[in-house]
Amino acid sequence: MQKRTIQILFRLNEREADHLYDLVEKSGHSREAFLRAIIEGYQLCEKPDPEFYKAMREISTIGNNVNQLAAKANTLGFTDVQMFTDEVKNLQQLQLDIRKHFLIPSKVR
């Protein structure tokens, strides 16, 4: 566990504080985590709305269903297993790409 022993205290005016609190709230992180990420050079994304998470769950459900269909079809000898496997991988990659774009902070260069 990383120990943080240095405390930094600084003052903001009301406008600056409101702006900081607004950015922190939009990010979905704690104030401390937000400031540490900014210091490390990350550009944080706004926390997506609940519809994003609903869509991600639906994508996951579809992927699971496709995977179960592929397993059953393979057992019964009715389908091209490789095609189904490739499509499941494509769906999983799409889910990862969406998470990277909307959730994972990117390093500012």
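The values are calculated or read from the model by the stated rules, or taken from the named source; none is laboratory data. The shown structure was predicted, so the numbers you read here are calculated from the model rather than taken from an experiment. When we count neighbours, we look across all protein chains shown, and the Cβ atoms used for this are built from the backbone with ideal geometry, even at glycine.
Assess whether residue 83 counts as being of a type in the set (A, V, I, L, M, F, W, C), over 24 Å from residue 22 (Cα atoms) and at pLDDT 80 or above. Taking the combined requirement at face value, the residue does not satisfy it.
The residues of the range 68-98 that are under 30 Å from residue 35 (Cβ atoms) and loosely packed, with under 13 Cβ neighbours inside 10 Å, listed by number, are 96, 97. For first residues located in the range 79-95 and farther than 16 Å from residue 61 by Cα, partners that are of a type in the set (S, T, N, Q) and assigned to a helix (DSSP H, G or I) and lie 6+ apart or on another chain with Cβ distances below 7 Å form the pairs 81/74. Residues in the range 37-58 that are assigned by TED's automatic domain parsing to the domain that holds residue 96 and more than 14 Å from the chain's Cα centre (by Cα): 58 alone. With respect to the conditions (1) charged (D, E, K, R); (2) within 18 Å of residue 107 (Cα to Cα); (3) surrounded by 11 or more Cβ atoms within 10 Å (Cβ to Cβ), residue 40 lacks only one, and its number is (3). Filter the range 39-53 down to the residues that are without any contact (Cβ under 8 Å) to a residue 24 or more places away in the chain and either within 15 Å of residue 96 (Cα to Cα) or touching a Phe, Trp or Tyr at 6+ places or on another chain (Cβ under 8 Å) (or both) and list them by number. The answer is 53, and nothing else.
When each of 26, 107 is tested for being in contact with a strand residue (DSSP E or B) (Cβ under 8 Å, 6 or more places away or on another chain) and among the basic types (Lys, Arg), the lone residue that passes is 107.
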